[in-house]
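Down below is the structure, laid out as structure tokens.
The values are calculated or read from the model by the stated rules, or taken from the named source; none is laboratory data. Bear in mind the structure is a predicted one, so any value in this text is a computation, not a measurement. Every residue, glycine as well, gets a Cβ built from its backbone with ideal geometry; the counts of neighbours run over all protein chains shown. Keep in mind that these areas ignore ligands, DNA and RNA; they rest on the heavy atoms of the full protein, side chains included. Shrake-Rupley method; radii C 1.70, N 1.55, O 1.52, S 1.80 Å.
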Amino acid sequence: MLDYLLITVVDLYAWIIFAYCILSWIPDTGNTVLRDIRAFLARLVEPFLAPFQKIIPPIGGMVDISPIIAFFVLQWGVRLIVGLF
């Protein structure tokens, strides 16, 4: 039961990372609701992504692949933890 809960929470966090990445592609048009959503997601996601962004430089100076690597590490890590217990 606890393993299912842990996987569900991590999967939800992975979707939050995905939403954060998608919203980063939308230009800021001054929409305060969208800006608030971005700020909220940034507070949730940036602490996890920051170590990956320090290690993995953007491709061509613009394309940040660190969320992809962070996503795989997150998924792999939780499955490893669940498999051990």
(message) Under a crude label model (7 Å from the Cα following the beta-carbon direction), how far is ILE68 from LEU5 in nanometres?
(response) 3.5 nm
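Just how large is the dipole of the chain about the Cα centre, in debye to the nearest 20, putting +1 at every Lys and Arg Cβ and -1 at every Asp and Glu Cβ? Walk me through the numbers on the way to the answer.
Values: 5 positive and 6 negative charges, 19 e Å.
I would put it at about 100 debye.
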(message) If I model a spin label at ASN31 and GLN75 as a point 7 Å from the Cα along the Cα→Cβ vector, what separation in nanometres do I get?
(response) 2.7 nm
(message) With angles folded into 0 to 90 degrees, how steeply does helix 2-24 sit against the dominant principal axis of the chain? Use alpha carbons for both and round to 10.
(response) 20 degrees
(request) Just round it to a whole percent: the fraction of Cα-Cα distances in the range 1-47 exceeding 17 Å. (result) 41 percent
(message) Normalised radius of gyration for the chain, please: alpha carbon Rg relative to 2.2 N^0.38 Å, two decimal places.
(response) 1.23
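Taking all protein chains as present, what is the carbon and sulfur share of the accessible area of the chain, in % to the nearest whole number, probe 1.4 Å? Kindly include the intermediate steps, with their values, before the conclusion.
Values: 4800 of 6280 Å².
C and S fraction of accessible area: 76 percent.
How high is the relative contact order of the chain, given as a whole-number percent (alpha carbon pairs under 8 Å, six or more residues apart)? Walk me through the numbers before you get to the answer.
Values: 42 pairs, mean separation 30.4, N = 85.
RCO, the chain: 36 percent.
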(request) Send over a whole-number figure in Å² for the accessible area per residue of the chain, probe 1.4 Å. (result) 74 Å²
(request) For the range 40-51, just list the computed ³J(HN,Hα) in residue order, Karplus coefficients 6.51, -1.76 and 1.60, θ = phi - 60°, integers in Hz, with x standing in for Gly and Pro. (result) 5, 5, 4, 5, 7, 9, 4, x, 6, 7, 3, x
